[in-house]
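For reference, the structure is listed below as structure tokens.
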Amino acid sequence: MELLWFILSTIALGTVYSVREPVCSRFHYEEKLLEKMIRSEFKMDAMDENLKAITDSIEERFSDITNTMEDLKNEIATMQSADVEISKTVESIQTANLASSSIYTRWGRRSCPGDAELVYEGFAGGGDYSHTGGSSSYVCLPKDPVFDGDGQKSEHVSFLYGAEYESSSATFHANLHNKDVPCAVCRVIERSVLMIPSRKTCYSGWQTEYSGYLMSEYYQHASNKEVVCMDGTPEEAEGNDNGNQNGALFYFVQIKCGALKCPPYRENVALTCVVCSK
């Protein structure tokens, strides 16, 4: 009887102990630890993949930046080369323009007409009307002369004088009589220039720079001068009115019939002129 009771008690206690076995058994702990390790392994793999993706992205961005910088360097080098070529081209054009330009003097005016560039303005001058030597041409003297020290001193020299209008004709502004004559040196690009005497207009294909009247020294004066085209709307030289000082003089030019046929020419008429370019 006691043996039976002992056996039954033992079985009951074993059942209780079996039911109440703690959750944190060694097997369960190892199972959980293994699970954590596996999960950590998965996380590490995922982190490795993310890190690799980030590294690849950085390397790709760095490669793109490097390529971009290289492209910028090449572009800058190309632009610098192009700038040098442009500078050479501009210089070449300027040289070509200068080589193909024409210079002329507009007598009686302080400015240039149309698209002509003003090189400088000045005062008309030449040899004295009574001198048998000296200059046989009129010159346009600039307003800002530069002298080399005291220059070369000598008793044997040539002289230049200022020039004046010598005409009281109503045709040519009587109020300019004995007034100083201005001039302007002008330049045109890629055009030839010529003065046509006894014309008011240019021939077909040529454009007018300015028109006016032929003028030169008086025929009985000792000094002979070239014939120039004085602008038809002349001005007085600015700031150089010294009164009637004579010097180089400008008179109208007329025709003398004989060797020069009349018609088509006529005597006692001031000859016109026109300066043309093409």
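Under the condition of being of a type in the set (Lys, Arg) and assigned to a loop (DSSP other than H, G, I, E, B), which residue from segment 178-211 is least open to solvent (accessible area, probe 1.4 Å)?
ARG191
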Item to check | Any hit, segment 212-224, residues being closer than 26 Å to PRO142 by Cα, in contact with a Pro (Cβ under 7 Å, 6 or more places away or on another chain) and either open to solvent by less than 40 Å² (accessible area, probe 1.4 Å) or in a strand (DSSP E or B) (or both) | outcome: yes
Checklist outcome for this item: Of (1) touching a Leu at 6+ places or on another chain (Cβ under 8 Å); (2) surrounded by fewer than 20 Cβ atoms within 10 Å (Cβ to Cβ); (3) closer than 21 Å to SER101 by Cα; (4) among the β-branched types (Val, Ile, Thr), THR272 satisfies every one except (3)
Next on the checklist: Which numbered condition in (1) over 21 Å from PHE123 (Cβ atoms); (2) under 37 Å from the mean Cα position of the chain (by Cα); (3) of a type in the set (Val, Ile, Thr) is the only one that THR233 fails?
Outcome noted: (1)
Checklist outcome for this item: Note: among GLU70, GLU49, just one is part of a helix (DSSP H, G or I), modelled with pLDDT of 80 or more and over 26 Å from MET195 (Cα atoms), namely GLU70
Next on the checklist: Against the condition in a strand (DSSP E or B) and either surrounded by 13 or more Cβ atoms within 10 Å (Cβ to Cβ) or modelled with pLDDT under 95 (or both), how does LEU141 come out, does it pass?
Outcome noted: yes
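The values are calculated or read from the model by the stated rules, or taken from the named source; none is laboratory data. Values in this document were obtained by computation on a predicted structure and should not be read as measured data. Cβ: placed from backbone, ideal geometry, glycine included. Neighbour counts: every protein chain shown. Please note that ligands, DNA and RNA were not included when accessible areas were found on the heavy atoms of the full protein model with its side chains. Shrake-Rupley method; radii C 1.70, N 1.55, O 1.52, S 1.80 Å.
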